[in-house]
Amino acid sequence: MNAADKKRVLREMLFARRFEERCYEAYVERKIGGFLHLYPGQEACAIGVMEAARPGHDYVITGYRDHIHAIKCGTDPKAVMAELFARETGCSKGRGGSMHIFDVEHRFMGGYALVGGPFPLAVGMAKAIQMKGGDEISICFLGDAANNQGTFHESLNMAAVWNLPVLFICENNLYGIGTATHRSTAVTDQYKRACSYGITSNQTDGQDIDQVYAAAKVAVDFVRSGQGPYFLELMTYRYRGHSMSDSGAYRTKDEVEEWGKRDPIIILRDRLIAAGEITLEDYQAMDKEIFAAIENEIIPYAENSPEPKVEELEKYVLAENDPYVKGGVR
Amino acid sequence: MAEIMYWEAIRRAHDEEMARDPLVIAMGEDIGVAGGTYKATKGLYDKYGPQRIIDTPISENSFTGLGIGASFLGVRPIIELMSVNFAWLAMDQIFNSAAKVRYMSGGQLTAPVVIRSPGGTAHQLGAQHSARMEKVFMGIAGLRVVTPSNPKQAYGLLKSAVRCNDPVFINEHELMYNMKGEVPDGEYFHPLEGSEVTRQGRDVTLFGYNISVHWSMQAAEILAKQHGIEAEVVDLYSLAPLDRAGIRESVSKTHRAVIVEEAEAPVGVGAEVMAIINEECFFELDAAPVRVSAKMVPTPFNHTLEKASIPNAKDVVAAVLKMISGK
């Protein structure tokens, strides 16, 4: 990343932070319902990895903490917010919700809410890429706790056996909901578990976007050059509870404060200030612009969009007028 | 029209669809080098190679999920689950991914996969290889379920399922792969919805699907020859959705209904057909509909017990005679 790229990703990370904080407020105001899993603390992961990949070209799939992954792939934040507000203009037409953001046009292939569910889907997309001969790669973002599902082992095995172009990103935030990793997992260094399947893997700091980018660049190039799957573990931390219904009481105040000192946005901001690329005033102005965009454009768009029509409740269950249902066309 | 076996019909559909479209693939346990437990892909590994005839590891949930993920990008996988009992392991991906992705993406993403699997009690395979699971699949929004009772349907339903843009579960039967029947020489696409009147009758309708169509046909012959009762047999090859119009039409003609199913009665095809009869044509009935179903036991190993656990043609005859005599 050159200086201009770094300034841009700083803005993207700050936008992600403010977007998610605004979701929190909207949830408290009861404008967003259901489950809501927020991303603050982990911004350098999705944004750093996708900076090294090709957003909108590579296929991306993830779990339910998915808003920022979609936005980084190119999804309009207005369509994401409208989805959270359950509107027809939402990226999943109000049928998906926070955990099921989809934007196929930008190759964001969805957020899925069964922990570990996306592993085989990601490997399947890689199989399709391999068959079709494209230069895309399949990127699967999941958390550390997903690696205790059978799908992790089954999918990594198949990815390795068939040498498929899939990059597994493990955002290790140290907890599976409220259970600390060491209490649920025999081998807590997740990258070591990929070695069981002969998959090249690495572990790096997920709070410093320069390190995320460097490690992701190696991983993306490896997969794109046809050398097979790769597993990259990013050590990170989520500031809030697992979801809005989780206060995070299982963590000590000291631990939360310690991780707060390694905030991905502050790390990059201070580095750019020290390098003379930006001033603190520039940063504050950027923050104000982001706040204004969210308040003046994104929230009103979501709030003023129509809800889906009840008459269209059963739309999208099955294909419409598929000729083979009646025995095909001659 | 040539007479071929059920497995040959399935194999032919695979071969034609794979020859036509390079994005059609088949995957499952032992389907490639070994040629398939039921020969459904016999010889196709040599013809299409390991990229398209894929021997999977024994990881039912994830290889099913892999097929679903590949279908997101336009691949058309035909996934074989060696026994429907193993489909329980793949339920997460079938239910949570394939059946729901179109809806929860607001119509953006579809999973046009075909999942084939044999169910049914065969020849002393024990409790964990003899289950019938169609009742589970037919209650899932976003999934089509069909079940061929003969080689023509086995061929034509698979052809249509591969081309249809919905996920389709094809419920086959362990005992039917060697059954012979006529299949059109030219390409044939069987409708994925509807039902077929296999035998015309006026006194009672026997609703069957898959192997129970054959028990119903045998029962109808006995009823005609020995008792002068003309039973109509309706083949419910589509279990999801069930053919409401076809059920109504036949019951409105015969005024009596017996549903014959190899599975246990609770929450099953028979229960659903009875509900449809109630909703569609209750006042056409001359007698309360009955089900001829399996006993509520895990399938026993002992051959005599095994046979006693599932219905047969005699049970169907007895149910009809009881219904008509009113005793």
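Some points to look at:
- Among the numbered conditions (1) over 30 Å from residue A:122 (Cα atoms); (2) in a helix (DSSP H, G or I); (3) among the β-branched types (Val, Ile, Thr); (4) touching a residue at least 12 places away in the same chain (Cβ under 8 Å), the only one that residue A:278 does not meet is (2).
- Filtered residue count, region A:46-71, keeping only those that are assigned to a helix (DSSP H, G or I), aliphatic (A, V, I, L, M) and surrounded by 24 or more Cβ atoms within 10 Å (Cβ to Cβ): 7
- Annotation: residue A:319 fulfils all but one of (1) open to solvent by 30 Å² or more (accessible area, probe 1.4 Å); (2) closer than 30 Å to residue B:156 by Cα; (3) modelled with pLDDT of 95 or more; the unmet one is (1).
- Against the numbered list (1) open to solvent by 30 Å² or more (accessible area, probe 1.4 Å); (2) under 30 Å from residue A:29 (Cβ atoms); (3) within 14 Å of chain B (Cβ to nearest Cβ), residue A:305 comes up short only at (1).
- Considering only residues in region B:116-133 that are closer than 16 Å to residue B:87 by Cα and open to solvent by 10 Å² or more (accessible area, probe 1.4 Å), the one that is nearest to the other protein chains (Cβ to nearest Cβ) turns out to be B:128.
- Restricting the search to helices (runs of 4 or more DSSP H) fully inside region A:159-239 and requiring at least 1 residues that are touching a residue at least 40 places away in the same chain (Cβ under 8 Å) and within 22 Å of residue A:137 (Cβ to Cβ) gives A:190-194, A:209-224.
- Of all residues in region A:99-113 being more than 7 Å from chain B (Cβ to nearest Cβ) and not in a loop (DSSP other than H, G, I, E, B), the one that is surrounded by the fewest Cβ atoms within 10 Å (Cβ to Cβ): A:105
- Qualifying positions in region B:145-167 - open to solvent by less than 10 Å² (accessible area, probe 1.4 Å), facing chain A (nearest Cβ under 9 Å) and not in a helix (DSSP H, G or I): B:164, B:166
- In the set (1) over 30 Å from residue A:311 (Cβ atoms); (2) small (Gly, Ala, Ser); (3) facing chain B (nearest Cβ under 9 Å), residue A:96 fails one condition alone, (1).
- Of the helices (runs of 4 or more DSSP H) that lie entirely inside region B:11-115, those containing 3 or more residues that are among the small types (Gly, Ala, Ser) and either at pLDDT 95 or above or open to solvent by less than 40 Å² (accessible area, probe 1.4 Å) (or both) span B:60-72.
- So residue A:35, is it surrounded by fewer than 22 Cβ atoms within 10 Å (Cβ to Cβ), under 17 Å from the mean Cα position of the chain (by Cα) and more than 21 Å from residue A:231 (Cα to Cα): yes
- Close pairs (8 angstrom Cβ cut-off, 6 or more residues apart or separate chains): facing chain B (nearest Cβ under 7 Å) in region A:316-328, in a loop (DSSP other than H, G, I, E, B) and open to solvent by 50 Å² or more (accessible area, probe 1.4 Å) anywhere: A:316/A:93; A:317/B:141; A:319/B:165; A:322/B:165; A:325/B:193; A:326/B:193
- Within region B:230-239, not a single residue is part of a strand (DSSP E or B), open to solvent by 30 Å² or more (accessible area, probe 1.4 Å) and over 24 Å from residue B:271 (Cβ atoms).
- Among the conditions (1) touching a residue at least 60 places away in the same chain (Cβ under 8 Å); (2) under 18 Å from residue B:72 (Cα atoms), the only one that residue A:1 does not satisfy is (2).
- Among residues of region B:168-221, those that are open to solvent by less than 30 Å² (accessible area, probe 1.4 Å), within 14 Å of another protein chain (Cβ to nearest Cβ) and part of a loop (DSSP other than H, G, I, E, B), counted: 5
- Here is the figure for region B:41-56: residues that are within 14 Å of chain A (Cβ to nearest Cβ) and charged (D, E, K, R) total 2.
- Options B:95, B:86; residue that is within 10 Å of chain A (Cβ to nearest Cβ) and hydrophobic (A, V, I, L, M, F, W, C): B:95
- Meets criteria (among the β-branched types (Val, Ile, Thr) and touching a helix residue (DSSP H, G or I) at 6+ places or on another chain (Cβ under 7 Å)) for residue A:179: no
- Within region B:123-135, residues that are under 25 Å from residue B:259 (Cβ atoms) and in contact (Cβ under 8 Å) with a residue 40 or more places away in the chain have Cβ atoms under 8 Å from residues that are open to solvent by less than 30 Å² (accessible area, probe 1.4 Å) and of a type in the set (Phe, Trp, Tyr) in these pairs: B:134/B:209, counting only partners at least 6 apart in sequence or on another chain.
- Check on residue A:86, outside any loop (DSSP other than H, G, I, E, B) and within 12 Å of chain B (Cβ to nearest Cβ): no
- The residue of region A:114-144 that is nearest to the other protein chains (Cβ to nearest Cβ), among those that are under 13 Å from the mean Cα position of the chain (by Cα) and not in a helix (DSSP H, G or I), is A:140.
- Of all the listed residues (A:269, A:251, A:238), the sole one being over 30 Å from residue B:111 (Cα atoms), in contact with a Phe, Trp or Tyr (Cβ under 6 Å, 6 or more places away or on another chain), open to solvent by less than 70 Å² (accessible area, probe 1.4 Å) and basic (Lys, Arg) is A:269.
The values are calculated or read from the model by the stated rules, or taken from the named source; none is laboratory data. All values derive from a computational prediction rather than experimental measurement. Glycine also receives a Cβ, built like all others from the backbone with ideal geometry; neighbour counts cover every protein chain displayed. Each accessible area value is taken on the protein alone, full model and side chains, heavy atoms only, with ligands, DNA and RNA left out. Shrake-Rupley method; radii C 1.70, N 1.55, O 1.52, S 1.80 Å.
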